[in-house]
Structure formats: C-alpha cells, structure tokens
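A short reminder: the numbers here are calculations on the coordinates, not readings from a lab. Remember, predicted model here, so these are calculated numbers, not experimental data. As a convention, Cβ positions derive from the backbone with ideal geometry for all residues, glycine included, and neighbour counts pool all protein chains shown.
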Amino acid sequence: MSSLPAQPNRSVMEGLEVLFAVVQERGAVRVRALARELGMTPTRVQRYLGTLAHLGLAHRLPDRSYRVGPGIHALSALSLSASGLTAGAMQVLPRLADLEVIVAMGVLWRNTVSYLYFSVPGMPMAEAIGRSAGYPAEDSSIGLLMLAHADSATVGRYFPEDLARLRSRLDEVRRQGYAVIDRPNGERSLAVPVGSPVVAGIAVSGKPAKPWPEVLERLRAAAIGIEKAMTKTAV
C-alpha cells in the first residue's frame, strides 16, 4: 500500500470505504449503523450507497437496508482473473497438502486479513476458495507480513495504540523475509510474501509433518510458483 498522495480524492476514498464495508458484512447493512462505523454522516453514507446501488455494486432492500449487488460478483471475477492470484493458488497451494496443516493465502485491508484461499487438511480444493472470513492482522502471520511491507503511516493509522509494540515485530519480519507466530498450544503459523511489490502472503499453520526449515523452503517455492502464474496472466 503506497502513501497518500498530496491531493487525494476524498470522495473516491470514502466511496470505496463504504463499498468495502458492505462487502465485509455477511448480511444487510443499515445506513445509520454504517455511518457510525465509518465516522460519516448518514446523509453522506446514503448518497454513496445510492450511487453504488445505481452501479449494481449494492442492492437496496425493501426495508431500506443494503447488501452486495450483482455487480460485485463481476468485479470480483474480473479482478481475480486479472491478478492471477487465485489461479496461481489453485495450481500451487494444493501441493502443500502433504504437510498436513492449514494452508492459506491472504491479503490485507486496513487491520484485517481477507483470505482468498484457506484449506484445512483433507478439504477438497473447491471448498478452500473464499471460505474463511477476515482475521485480525496483528494475530495473523500473513497480517504481520503484509503490515511489514506497508508504509509506516498506514500502520500508525490502524494501530495507533500498538504502534510501538508492532514496530519491533515488523522490523524483524522485514529482516527475516518471513513472519512467524508461535501459539500457546505448540502450533506455529509461518508466512512468506507473494509478489514484488508484495500483493499477498501465503502461510501454513499447525504442526507440520515436515521440519520447519523444509516447510519454509516449500512456502518460498510456492510463492514463486504463484508469482509465475500472475506473470503469465499479465502477459
């Protein structure tokens, strides 16, 4: 995520904030509740929602609440196809099944990791796509990895109270080139970056059937495989 430009378009920024909030909500959202959440006036939120509904990205229900519209599926399909991330994940990440742990690929939005791929041992690949909801970035190895590659202003904006504590952790992630979280139950979550600049992270979580140094090398090889898939898509 790059730094804010000198003359940002606030209307575009706020409109996208509203769109993301609607998409993140599993059910319908109400104008006043969404206005409180985003720190905007109800009138302003209503205007953005009305515009998104006109574009087909949101849908107004009879009770005046809103949910995602049919256009969001077209936007999702086009964006995933253009980036090659999901196609690469489907080609590469199932090869890590022999590790017998959770395998995931996620991206960062604000202070939350959204998973494009999330597979538990024995799960069919088709069920791993878009299965898991968001997860707090500071508690996720993918989240720490993505935050380590974000600019300091972005980290400070979404983690103002934890900035000092996070800074040393993120410095370590940058030095290592990967992120690790050791859980109290003896499990470990390990993540490596995908892309340059970094666009996503892939991770394993649990107690793998292979030694951790081998797991790290397997993850790095998988990241390279996904990057190659993205390059082919771009060409």
Rounded FRET efficiency, nearest 0.05, which uses the C-beta distance separating ARG167 from GLU214 and R0 of 41 Å: 0.85
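Suppose only helical runs count, i.e. DSSP H with n ≥ 4. What mean residue ellipticity at 222 nm does that imply for the chain under -39500 (n - 2.57) per run, divided by all residues and rounded to the nearest 500 deg cm²/dmol?
Computed ellipticity for the chain at 222 nm equals -15000 deg cm²/dmol.
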Relative compactness, the stretch 178-235, computed as alpha-carbon Rg over 2.2 N^0.38 Å: 1.26
Extension gain, ILE224 back to ALA33 (0.36 nm per residue minus Cα-Cα distance, nm): 64.5 nm
Packing rank of 168-176, 82-90, where each peptide gets the mean count of other beta carbons within 10 Å, highest leading: 82-90, 168-176
Cut-off 11 Å, label 7 Å out along Cα→Cβ of ARG64, residues of the stretch 7-42 by amide N: 31-32
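Of the listed peptides 57-70, 136-149, what is their order by residue-averaged count of other C-beta atoms within 10 Å, with the highest listed first?
Highest-to-lowest ranking by the protection proxy: 136-149, 57-70.
Between TRP109 and ALA53, what FRET efficiency comes out of the Förster formula 1/(1 + (r/R0)^6) with R0 = 30 Å and r the beta carbon distance, rounded to 0.05?
0.85
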For the stretch 37-56 and the stretch 68-130, distance of Cα centres in Å: 29 Å
The chain - charge dipole about Cα centre, Lys and Arg +1 at Cβ, Asp and Glu -1, debye rounded to 20: 540 debye
Structure-derived Cα Rg over 2.2 N^0.38 Å: which label, when the choices are (i) 1.70; (ii) 1.18; (iii) 1.08: (iii)
